[in-house]
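*Asks:* Quick one: this structure, given as structure tokens, is what I'll be asking you about.
Laboratory data are not the source of any read-out in this text; all were calculated from the coordinates shown. Just so we're clear, the structure is a prediction, and the values are computed from it rather than from any experiment. So basically every Cβ, Gly included, is an ideal-geometry build from the backbone, and we count neighbours across all protein chains shown.
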């Protein structure tokens, strides 16, 4: 994947949220400047669509994780609306990414250069760079 210079890369899962910046240009991905925004996960209605009988019985639905994904999307929305984010790539596990997409503001969607459905929050930056290059 070609990633614009200074593009933001949000790496998210149900508990973690890291924002990186691409210092490289084009296909030369060089991620740096890790920021860990402090989120207030308050949107617990976010996961209401995931509350099926099977999910409740097996414990497969974690509303805290889905609320964290919604909070990450809200943080990214605010930064996009204020103009602090010009280009954005989102990397998140499939469940979190699905929840985040439901909360993306149209301004964020204009700035979205792509997304990767993969859990990478605990990976070193080098592995995240390789995943972006391979996408």
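*Asks:* Across the range 1-23, what is the number of residues that are in a loop (DSSP other than H, G, I, E, B) and free of Cβ contacts under 8 Å to residues at least 40 places away in the same chain? Working first, answer last.
*Replies:* First, the residues of the range 1-23 that are in a loop (DSSP other than H, G, I, E, B): 1-7, 13-16, 23.
After this cut, where a residue has to be free of Cβ contacts under 8 Å to residues at least 40 places away in the same chain as well, the list is 2, 5, 23.
Residues that pass the stated criteria total 3.
*Asks:* Residues 67, 78, 71: which one is more than 23 Å from residue 134 (Cβ to Cβ), in contact with a strand residue (DSSP E or B) (Cβ under 9 Å, 6 or more places away or on another chain) and in a helix (DSSP H, G or I)?
*Replies:* Details: 67 fails: in contact with a strand residue (DSSP E or B) (Cβ under 9 Å, 6 or more places away or on another chain); 78 fails: in contact with a strand residue (DSSP E or B) (Cβ under 9 Å, 6 or more places away or on another chain).
Going through 67, 78, 71 in turn, just one is more than 23 Å from residue 134 (Cβ to Cβ), in contact with a strand residue (DSSP E or B) (Cβ under 9 Å, 6 or more places away or on another chain) and in a helix (DSSP H, G or I): 71.
*Asks:* Mind listing whichever residues of the range 98-109 are surrounded by fewer than 21 Cβ atoms within 10 Å (Cβ to Cβ) and either touching a residue at least 24 places away in the same chain (Cβ under 8 Å) or under 12 Å from the mean Cα position of the chain (by Cα) (or both)?
*Replies:* The answer is 98, 101, 102, 103, 104, 105, 107.
*Asks:* Can you give me the number of residues within the range 92-135 that are in a strand (DSSP E or B) and either under 17 Å from residue 70 (Cβ atoms) or in contact with a helix residue (DSSP H, G or I) (Cβ under 7 Å, 6 or more places away or on another chain) (or both)?
*Replies:* Qualifying residue count, the range 92-135: 5.
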